[in-house]
Ligand SMILES: [Cu+2]
């Protein structure tokens, strides 16, 4: 009987060792890029001037929850070991109606929420801060299921016109942005609520029908990124992606002029002020079949 128990313990130990080995293998399989991403708690490398606000909030929230988590797991571990069956006769001291203790675990969560709220408001003020004079303006229309980008470059002598690019679910639009230049985004929707999201900028903002939203951002890193819709907006929501190209000012001007070469791209595409988001059923079908 005793030998059997020892055998089971030994196989259990091998099982744990095997599991640890598999875990190590899985970890070593990660690229250095992925490993580095863990130092940012999963966030991509920051590519905008607003990223630090959200990045710090994100890391701070993780650190705070890990501190709380380790404390709680420690307490759980401690009671499991301290009050295991061996000490069954020894009932732990009961602490019901312990007023100081109950006050403590009512107040501590409020304190945690208060601290998180304070830093959230600070981060929000940081990412929504407006530039006095943004270098460029892009008016964005979200529509089912793609994006239209209007480059408001009428006052820019290098372009001299408003130029747009309209995307469709099958033709993913490109958004060109000049590096280290502030850009104002004005967001409107042609139908339902969308959300304009460039993950590498650590920023997203809802695109709401009849409620224009705007924000300013300065891209800080050259490169190609993926933009997405972050609000489930219907059947082809997942197709609402766009390619973000952060380029030099010269390349930006060249790209906008390239669009301008096609007269179809000149002018601004706007969304209706009060979009009709309720699908109407033709009267003939209402009582039919
Ligand atoms: Cu959408």
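Read the figures in this text as sums done on the coordinates, not as results from a lab. Only a predicted model underlies this, so the values are computations on that prediction, with no experimental measurement involved. Glycine gets a Cβ as well: all are built from the backbone with ideal geometry, and neighbour counts include every protein chain shown.
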### Task
For a footprinting-style exposure proxy, rank 67, 138 by other Cβ within 10 Å, fewest first.
67, 138
#### Entry: Cα gyration tensor, the range 147-238 - rounded (a/c under 1.5), prolate or oblate
prolate
### Task
Using a 10 Å cut-off on Cβ atoms, rank the peptides 147-154, 230-237 from the highest mean neighbour count down.
147-154, 230-237
### Query
Expressed as a whole number of Å, what is the distance separating the alpha-carbon centroids of the range 47-63 and the range 238-261?
27
### Query
Does the range 44-129 come out rounded, prolate or oblate, given a ≥ b ≥ c as the square roots of the eigenvalues of its C-alpha gyration tensor, rounded meaning a/c under 1.5 and, failing that, prolate meaning a/b above b/c?
oblate
